[in-house]
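The values are calculated or read from the model by the stated rules, or taken from the named source; none is laboratory data. The structure displayed is predicted, hence computed values, not measured ones. Glycine gets a Cβ as well: all are built from the backbone with ideal geometry, and neighbour counts include every protein chain shown. SASA here: full protein model, heavy atoms, side chains in, ligands and nucleic acids out. Shrake-Rupley method; radii C 1.70, N 1.55, O 1.52, S 1.80 Å.
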Amino acid sequence: MIKQEDVYQIGRMGKAHGLKGEINFQFTDDLWDRTDCDYLICEVEGILVPFFIEEYRFRSDSTAIMKLDGIDNVEAVQMLVNSPVYLEKKYQEELNDDEVSLNYFIGFKMVDGDNGKDIGTITDIDDKTDNWLFIVERTDGSEVMIPAHEEFITEIQQEERIMVMDLPLGLLDL
């Protein structure tokens, strides 16, 4: 059984494309295309289910048309429409540090390197501008945006899912 802690979200299935079981796949991470992964994991009725990729073609840099094994008609596609799509974290670990996607860090605890205090948990990545941001839910429930710059990241503890940051003074007070 696939567990939530062993995967991370890379996109969402869209609507059906045509009548032969193809579906639009909107992705935030193209790791599935850069590794030897031959399946994607979709959430179906709360259960993580692997689907083998028969074929795909890119429509843009964030959308592909997918044909999944066993999904052969529009009715079968309907169970996947708007389903979150995941990839096992083991594929992320195959890549070198230069290729790591920021989406991998969603769910990591962020810690201040100066004092060891818990800043919060990374809940999302804002990639709408040239300067990407970690969206961090603080321990008090508020939300803070922290620049996702390499120079601020001092340590990554993958097993513990902790990112240690050396942030500019006053950034957390904004």
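So the values come out like this:
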| quantity | calculated |
| --- | --- |
| Sparsely packed GluC sites (Glu not before Pro) within segment 1-103, loop by DSSP, other Cβ within 10 Å at most 14 | GLU45 |
| Contact order relative to length of the chain, as percent, for alpha carbon pairs under 8 angstrom and 6 or more apart | 19 |
| Spatially proximal lysines relative to LYS117 (Cα-Cα < 20 Å; intrachain offsets below 8 disregarded) | LYS109 |
| Share, in percent, of DSSP beta bridges within the chain that are antiparallel, nearest 5 | 90 |
| The chain - accessible surface per residue (Å², probe 1.4 Å) | 58 |
| Selection of chymotrypsin sites (Phe, Trp or Tyr not before Pro), segment 102-155, meeting DSSP coil and at most 16 other Cβ within 10 Å | TRP132 |
| Percent carbon-and-sulfur accessible area, segment 23-98, ignoring ligands, DNA and RNA, probe 1.4 Å | 42 |
| Loop-located trypsin sites (Lys or Arg not before Pro) in segment 2-82 whose Cβ has at most 16 other Cβ within 10 Å (DSSP) | LYS3, LYS20, ARG59 |
